[in-house]
Amino acid sequence: MDSRQLTYFLAVVDCAGFGRAAEQLHVAQPSLSQAIRTLERQLGTPLFHRNSRGIELTEAGRALVPPARQVQRDLQAAGEVIDDVKGLRSGRLDIAGMPSPAVAPLSEMISAFTDLAPDVTVNVLARATADEVVEVVRSGVCEIGVLGTPHPLHDSTVVTHRLRSQRFVLVAAESDDLPSGDIVQRERLDGMRLIVGPQGTGMRLLIEEMRSSGLNVRIAVETAHREAILTLVANGVGNAVLTDAWASIARQLGLRVFALEPPAYLGLWLVTRASPITAAAETFWTMAGGPTRSR
């Protein structure tokens, strides 16, 4: 087994097929297929079920994914020991982020990081829920995760660092019959049509909490595309409960923003792997306030 075989294996997993993986790797598909067959022979077990619908990981294949990603990251970390000496002049940093934390503070953190390491490529992977962010960090797909949750984050499988909180606000169209000022009581949402995110997001948890308390909050649209919510509000489809990270953008679109009373907050967290991380990831982690880690 060598690192090239593991790279090929993970490409097939991530692309869900040999054809797309071969294109991504810039290799001929027969060469890729042969490399995977050789790996399977060396391991003494098939890694993929091949059928008319495509491919599916076998139990052995699923078991190989986490250690294969760990090997990739460890090789990258070993190579970047040299980058420490050279001053982070190359490399790539993979970050997973939820929509609201991606607006703020992740965008500001990336800006600060690129000032420190302008030659490191930053790749941001979008994930809708806190659990999804933790999973891609735990599995090694990303080294850093930025997430929001209304509850304290306790997960022994990753290293966590609390950043700050964002307050939930109501975003509404100018034509709505809402009070003057910038505060609205939760009970004013009774009977209101809202645009919401998918199950597991902080905004959805708050909406479900209000519904459980007896408010007749109606869901007009459920969408995982957070960037579409403000446009839907502007088009009169409904209102939305978002964090104040979106307030500036909402006002630029001519929408009204109200702080909810009683208040509710989304806690923002930075997470990384417990195992060694690359020089770029360690720099980002430390810059964002996380405790210094040994490589």
*Any residue in segment 134-144 that is assigned to a strand (DSSP E or B) and closer than 17 Å to Ile249 by Cβ?*
no
*Any chance Ile110 is outside the structural domain of Gln42 (by TED's automatic domain parsing) and at pLDDT below 95*: no
*asked:* Being surrounded by 21 or more Cβ atoms within 10 Å (Cβ to Cβ), part of a helix (DSSP H, G or I) and touching a residue at least 24 places away in the same chain (Cβ under 8 Å) is the requirement here; does Val171 meet it?
replied: no
_Within segment 183-205, considering residues that are among the hydrophobic types (A, V, I, L, M, F, W, C) and over 19 Å from Pro262 (Cβ atoms), the one farthest from the chain's Cα centre (by Cα)_ = Ile195
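Checking the condition touching a Ser or Thr at 6+ places or on another chain (Cβ under 9 Å) and in contact (Cβ under 8 Å) with a residue 12 or more places away in the chain, which residue from Ile229, Ile207, Ile249 passes? Please lay out each step first, then the result.
Values: Ile207 fails: touching a Ser or Thr at 6+ places or on another chain (Cβ under 9 Å); Ile249 fails: touching a Ser or Thr at 6+ places or on another chain (Cβ under 9 Å).
Matching residue, one of Ile229, Ile207, Ile249: Ile229.
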*Name the strands (runs of 3 or more DSSP E) wholly within segment 209-290 that hold at least 1 residues that are touching a Lys or Arg at 6+ places or on another chain (Cβ under 6 Å) and aromatic (Phe, Trp, Tyr)?*
265-273
*Return the only residue of Leu230, Leu215, Leu242, Leu206 being within 14 Å of Met98 (Cβ to Cβ), surrounded by 14 or more Cβ atoms within 10 Å (Cβ to Cβ) and hydrophobic (A, V, I, L, M, F, W, C).*
Leu242
_Test for Phe258: is it of a type in the set (Phe, Trp, Tyr) and over 19 Å from Met203 (Cβ atoms)_ = no
*Filter result (of a type in the set (A, V, I, L, M) and either at pLDDT 95 or above or assigned to a loop (DSSP other than H, G, I, E, B) (or both)) within segment 113-124*: Ala117, Val120, Val122, Val124
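Mind listing whichever residues of segment 138-158 are within 19 Å of Ala280 (Cα to Cα), touching a residue at least 60 places away in the same chain (Cβ under 8 Å) and among the hydrophobic types (A, V, I, L, M, F, W, C)?
Val141, Ile144, Val146, Val158
The values are calculated or read from the model by the stated rules, or taken from the named source; none is laboratory data. Owing to the predicted nature of the structure, the values given are computational and were not obtained by experimental measurement. Positions of Cβ are generated from backbone atoms using ideal geometry, with glycine treated the same way; all protein chains shown enter the neighbour counts.
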